[in-house]
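The values are calculated or read from the model by the stated rules, or taken from the named source; none is laboratory data. For clarity, every value in this text was computed on a predicted model and none was experimentally measured. Counting neighbours? That spans all protein chains shown, and the Cβs are built from the backbone with ideal geometry, glycine included. These area figures cover heavy atoms from the full protein model, side chains too; ligands, DNA and RNA do not enter into them. Shrake-Rupley method; radii C 1.70, N 1.55, O 1.52, S 1.80 Å.
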Amino acid sequence: MLDLNQIRADFPILSETVYGKPLVYFDNAATTQKPRCVVQKIEEGYYKRNANIHRGVHFLSQEATEAHEASREEVRAFINAKCANEIVFTRGTTEAINLVASSFGELLQAGDEIILTQMEHHSNIVPWQLLRARRGVVLKVIPFNKKGELKLDELENLISSKTKLIACTHVANSLGTINPIKEIIRQAHAHSIPVLVDGAQSVPHIKVDVLDLDADFFVFSGHKIYAPTGIGVLYGKEEWLEKIPPYQGGGEMIDKVTFDQTTFAALPFKFEAGTPDFIGSTALAEALRYVNAIGIETIAAYEHDLLVYATEQLSRFDNIRFIGEANHKSGLISFLIGTIHPYDLGTVLDKLGIAVRTGHHCAQPVMQAFGVEGTVRASFAFYNTKEEIDIFIAAVERAKKMFKQ
Amino acid sequence: MTINEKQDEIISEFEFLDDWLDKYQQIIDKGMASKGVEPKDKVPENLIEGCQSKVWVVAELIDGKVNYRAESNTDIAGGIAAMLVDVLSGHTPQEILDAELYFVERIGLKEHLSPTRANGMLAMMKQIKLFALAFSSKA
Ligand SMILES: Cc1ncc(COP(=O)(O)O)c(C=O)c1O
């Protein structure tokens, strides 16, 4: 069981008020709040260990380097990668996907095919479109059904001898759907096709084991798992990271530089040009330790309870429309009430102290598929409570009356 | 009524509403009532797009006075647009160009004037004045 009083005390922002009302923060899919220990880690980093890493002989530089590399090991253990040199620090999910699109893309030729899904976040669509413009690759899309579940029986038809990669989200940020990613990877590997998994919405909420999934690339953002913005992770199987060329050039990523030729550093430094966010990495590791202390399985079970409870409560509204009703869902709900525009509903909820997201959630193809402009999305974290859901439901009720629905 | 008299009227209408939700109810009601733009006029030239809401504004010059109509796909942006349009309609282009719109801030909607706000209120005000400018250069 979670000690919610203790947990909520760890997140100072949760006791803030907005417009004189207690804050109810249901926008966790966009970014999560930070526990005190993570912020303290940042402060401690700047006050006690701040020196550029990897190049210094002096004491502080070595301390900072060790902390940074220990964080890499913490990330490795968290997602159960084989070795720490398969963990590349990036600015976030978006940068990690762009890295793969760019570097893996170097291996591709015109006519090669990449399979995406209809429920991707724009950051797992646009980098591939840029690659299409540069290289002439072809993009194919796995569609989803009315409930927002991938139609995996179509995958076999989409795969061809030219398919070079499948890039698929683990959990869809606009629908909450948890995709059967292990099965997708198994099917892809049967055709020797590697898979990139967008784990932005899965790592914070469900157990992820990249070895068990057998993912070739797996990416996520620190800020969605209680760590700061500006730090994220690309996991890549060693063989793939060895095979693909560097992304950016600069310091840190080289072995020897002459004007004729440069040889590159070993993994993972080959992909970490420039001074990395060595303070952010330690804060990310601290966030992962915080999550571990509670236990990701405990978190997943509790957030599932919140999802079930909120779904039940919302179902009482006669004119509710859920966008995303997959059998396997993570803790977020996209919905509409009658003809109330999401922006209108979000604005009234905001005035009642409730932070939800409204709009297309960077997944316009999903909105197009459902024929809506946008939705209201409530997304939960383990520090949320059923009492907060009750406040939220009362607020929706109130808004419903205001818009005469 | 002058533009300022109309603004003052709105301000006193809102003064009695101390609860935020009552203020919003007032705006929503105005938004629901304002559906004055005909489908044929809902063209890109008349569209002011906030990041989440759409507002269409049309203007015509009748006997030297500008008449505006506005409609939105959202009730809140629509309500704000309706107030703007009510305040400025029936005045000459020059009066509109000279007008200082203070009512939005005074009724407590200042946050909607932020350029990052999703409803594009600043763009709406600019567009409304641009119509007046176009009419004044014709006159
Ligand atoms: C599924 C998914 N992919 C990618 C991203 C992009 O993450 P970031 O903006 O942290 O790079 C998000 C975040 O909104 C997401 O939900």
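Surface exposure of region B:3-138, expressed per residue as accessible area with a 1.4 Å probe, stands at 47 Å². A DSSP coil position with no more than 16 other Cβ atoms inside 10 Å describes the following trypsin sites (Lys or Arg not before Pro) in region A:321-405: A:Lys404. Once the C-beta distance of B:Glu13 and A:Arg398 is scaled by a Förster radius of 22 Å, the resulting FRET efficiency is 0.50 to the nearest 0.05. In sequence order, region A:74-80 has phi-based couplings of 4, 5, 3, 5, 4, 9, 6 Hz under the Karplus curve 6.51 cos²θ - 1.76 cosθ + 1.60, θ = phi - 60°, and Gly or Pro positions carry x.
Once R0 is set to 56 Å, what does the formula 1/(1 + (r/R0)^6) return for the Cβ-Cβ distance between A:Thr263 and B:Ser136, expressed as a FRET efficiency to the nearest 0.05? Result of the calculation: an efficiency of 0.25. Stokes-Einstein, applied to the Kirkwood radius of region A:323-396 over Cα pairs at a viscosity of 1.002 mPa s and 20 °C, places its translational diffusion at 165 µm² s⁻¹.
May I ask you to list the chymotrypsin sites (Phe, Trp or Tyr not before Pro) in region B:46-104 that are in a DSSP loop and have at most 14 other Cβ atoms within 10 Å of their Cβ? When the chymotrypsin sites (Phe, Trp or Tyr not before Pro) of region B:46-104 are filtered for loop state and at most 14 Cβ neighbours within 10 Å, B:Tyr102 remain. Let me test this: with uniform point scatterers at the alpha carbons of region B:3-138, what is the Debye-based log₁₀ I(q)/I(0) at q = 0.10, 0.15, 0.19, 0.20 1/Å? One equal scatterer on each Cα of region B:3-138 leads to -0.30, -0.68, -1.12, -1.24.
Rounded to the nearest 500, the 222 nm mean residue ellipticity of chain A from helices alone is -12000 deg cm²/dmol, with -39,500 (n - 2.57) taken per DSSP H run of at least 4 residues.
Taking chain A as a Gaussian network of alpha-carbon nodes connected by springs under 10 Å, the highest mean-square fluctuation of the residues A:Asp260, A:Asp212, A:Asp344 belongs to A:Asp260.
Close amide H contacts of A:Ile142 (hydrogens built in the peptide plane, cut-off under 5 Å, sequence separation of 5 or more or a different chain): A:Leu116, A:Thr117, A:Gln118. For the peptides A:304-311, A:262-269, A:86-93, residues were scored by their other Cβ atoms within 10 Å and the scores averaged per peptide; the highest-first order is A:86-93, A:304-311, A:262-269.
A cut-off under 14 angstrom between Cβ atoms defines the neighbours of B:Ile62, and their net charge, with Lys, Arg +1 and Asp, Glu -1, is +1. Amide hydrogen proximity for A:Lys329: with H placed 1.01 Å from N in the peptide plane, the residues at 5 or more positions away or on another chain lying under 5 Å are A:Ile178. Computed over chain B, the per-residue total of -39500 (n - 2.57) for DSSP H runs of n ≥ 4 gives a 222 nm mean residue ellipticity of -15000 deg cm²/dmol, rounded to 500. With 30 Å² as the minimum drop in accessible area between chain alone and full protein complex (1.4 Å probe), the qualifying residues in region B:12-32 are B:Trp20, B:Leu21, B:Tyr24, B:Gln25, B:Ile28, B:Met32. Applying the Karplus relation 6.51 cos²θ - 1.76 cosθ + 1.60 with θ = phi - 60° to region A:187-198 yields 3J(HN,Hα) values of 5, 5, 5, 4, 9, 6, 9, x, 10, 9, 10, 7 Hz, where x marks Gly and Pro. Structure remark: mean-square fluctuation, Gaussian network model of chain B, C-alpha springs under 10 Å; the largest value among B:Met83, B:Met124, B:Met32 belongs to B:Met32.
When the convex hull of its Cα atoms is viewed from all sides, region A:180-293 shows a mean projected area of 8.3 nm². Projecting the Cα atoms of B:Phe103, B:Val57, B:Gly90 onto the charge dipole of region B:3-138, computed from C-beta unit charges around the Cα centre, puts B:Val57 farthest toward the positive end. If both residues of a DSSP beta bridge must be in the protein assembly as shown, then about 70% of such bridges are antiparallel.
Rg ratio for region A:39-292: its Cα radius of gyration over 2.2 N^0.38 Å, N being its residue count, equals 1.03.
Computed over the protein assembly as shown, the quotient of the alpha carbon radius of gyration and 2.2 N^0.38 Å is 1.10. Could you list the GluC sites (Glu not before Pro) in region A:192-249 that lie in coil according to DSSP, counting only those with at most 13 other Cβ atoms within 10 Å of their Cβ? Filter output for region A:192-249: empty list. Modelled spin-label separation between A:Glu297 and B:Glu5, with each label point placed 7 Å from Cα along the Cα-to-Cβ direction: 7.6 nm. A Förster radius of 41 Å, combined with the Cβ-Cβ distance separating A:Asp3 from B:Asp29, puts the computed FRET efficiency at roughly 0.35. Residues in chain A average 40 Å² of solvent-accessible surface per residue, probe 1.4 Å, ligands and nucleic acids excluded.
Would any residue of region A:116-130 have its amide N under 16 Å from a label point 7 Å out along Cα→Cβ of B:Leu47? List them or say none. So the set is empty, nothing qualifies.
Between A:Arg316 and B:Glu105, the simple spin-label model (points 7 angstrom out along Cα→Cβ) gives 4.4 nm. Summed over both chains, the contact between A and B buries some 1600 Å² of accessible surface at a probe radius of 1.4 Å.
Label zone of A:His191 (point 7 Å out along Cα→Cβ, amide N under 14 Å): in region A:133-167 this covers A:138-143, A:152-167. Region A:136-208: D in µm²/s via Stokes-Einstein (Kirkwood Rh, Cα pairs, 37 °C, 0.692 mPa s)? It diffuses with D of about 253 µm²/s by this estimate.
Interface burial in region B:73-105, defined as at least 10 Å² less accessible area with all protein chains than with the chain alone at a 1.4 Å probe, covers B:Asn73, B:Thr74, B:Asp75, B:Ile76.
Per-residue mean of foreign Cβ neighbours for A:340-353 is 6 (Cβ atoms of other chains, 10 Å radius). Convex hull volume of the C-alpha atoms in region A:1-140, normalised per residue: 210 Å³. Of the residues A:His58, B:His91, A:His122, the one with the largest accessible area comes first in the ranking A:His58, A:His122, B:His91, computed with a 1.4 Å probe on protein heavy atoms.
In a fully extended conformation the segment linking A:Lys146 and A:Glu239 would gain 29.6 nm over its present Cα-Cα distance, using 0.36 nm per residue. Residue by residue, region A:278-290 carries 3J(HN,Hα) couplings of 6, 7, x, 5, 6, 5, 4, 4, 5, 4, 5, 5, 4 Hz when phi is fed to the Karplus relation 6.51 cos²θ - 1.76 cosθ + 1.60 (θ = phi - 60°); x denotes Gly or Pro.
Checking the Cα-Cα distances for A:Lys401/B:Lys126; A:Lys146/A:Lys237; A:Lys147/A:Lys237; A:Lys151/A:Lys243; B:Lys6/B:Lys30 against a 25 Å cut-off, the pairs over it are A:Lys401/B:Lys126; A:Lys146/A:Lys237; A:Lys147/A:Lys237; A:Lys151/A:Lys243. Panel note: contact residues of region A:383-405 (accessible area lowered by at least 20 Å² against the chain on its own; 1.4 Å probe) correspond to A:Arg398, A:Met402, A:Phe403, A:Lys404. Surface composition of chain A: carbon and sulfur atoms hold 51% of the protein heavy-atom accessible area at a 1.4 Å probe.
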